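For reference, the structure is listed below as structure tokens.
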Amino acid sequence: MTDIIPSRSMIQTEAVAARAAVSESLLTIVGAESNFTNTYQNNSKSWWLNGVYKGVQLLGIDGIFVFPFNAEAVGVTMSNLISGDSGTTAMDIVKIAAPGASAVSIFSTTPKIDSSSTDNTWLVKDLIDTNNINPIGTTLPVFSSTTFAKGEAIRTDLVSSMIGAQTVGLTLYFRVINP
């Protein structure tokens, strides 16, 4: 079977009026809307270092996030307000299976922004439609893990930083999945 193409559609009053025939057209709209919601509805968790930031291996920026439900990653964004004079800012998201367990990266390649980037730069890794944004001076991440079990946690680590850069953020987008 083939999925109905996801579409955000409004149902018109005439389609559900008294004595109106329920047709394949109405069910197609309902199916398209349901598929749209299942595909694109998501939650997000952001981590920020505001102002001038520096350092290597800063673990647990802005705390940890515990998943209250099973989830899957659908994308990630990274942004930097003021580009640095030299170097590369790399951030990592690590998964922790249980309290006290070792942290393991969800990336085989971490997202990065380097000093050749312009001010107000961002990257987008889209796992749904693969409509990625990858301007000069950025490296898109490669995911090695995209699923999270209820009760698992994630945190963000600053792996490296540009010299003189300001305000960096990383956002993970995810959606609920069946247990």
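The values are calculated or read from the model by the stated rules, or taken from the named source; none is laboratory data. Bear in mind the structure is a predicted one, so any value in this text is a computation, not a measurement. We place every Cβ from the backbone using ideal geometry, glycine too, and count neighbours over all the protein chains shown.
Per-structure values
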| item | result |
| --- | --- |
| Selection from region 146-172 of residues that are surrounded by fewer than 17 Cβ atoms within 10 Å (Cβ to Cβ) and assigned to a loop (DSSP other than H, G, I, E, B) | T146, A149, K150, G151, G164 |
| Region 124-152 - residue that is in contact (Cβ under 8 Å) with a residue 60 or more places away in the chain and not hydroxyl-bearing (S, T, Y) and, of those, farthest from F69 (Cα to Cα) | P141 |
| Residue count for region 133-160, restricted to those that are within 25 Å of Y53 (Cα to Cα), among the hydroxyl-bearing types (S, T, Y) and out of contact with any Phe, Trp or Tyr (no Cβ under 6 Å at 6 or more places or on another chain) | 3 |
| Pairs where the first residue, in region 98-123, is on the phi > 0 side of the Ramachandran plot and the second is of a type in the set (D, E), C-beta under 9 Å, 6+ apart | none |
| Matching residues, region 54-101, being touching a Gly at 6+ places or on another chain (Cβ under 9 Å) and charged (D, E, K, R) | K54, D85 |
| Where T130 falls short, out of the listed (1) at negative phi; (2) modelled with pLDDT under 95 | (1) |
| Matching option when the condition is in contact (Cβ under 8 Å) with a residue 24 or more places away in the chain, farther than 21 Å from V124 by Cβ and out of contact with any Phe, Trp or Tyr (no Cβ under 9 Å at 6 or more places or on another chain), among G63, G51 | G51 |
| Test: residue in region 101-121 that is within 19 Å of N43 (Cα to Cα) and not in a strand (DSSP E or B) | yes |
| Filtered residues of region 115-145 (kept if among the hydrophobic types (A, V, I, L, M, F, W, C) and surrounded by 15 or more Cβ atoms within 10 Å (Cβ to Cβ)) | W122, L123, V124, L127, L140, F143 |
| Boolean, T130 is within 21 Å of S44 (Cα to Cα), polar (S, T, N, Q) and assigned to a strand (DSSP E or B) | no |
| Residue check, T167 on the phi < 0 side of the Ramachandran plot, at pLDDT 95 or above and either in contact with a Leu (Cβ under 7 Å, 6 or more places away or on another chain) or not acidic (D, E) (or both) | no |
| Selection status of A165, over 17 Å from the mean Cα position of the chain (by Cα) and free of Cβ contacts under 8 Å to residues at least 60 places away in the same chain | no |
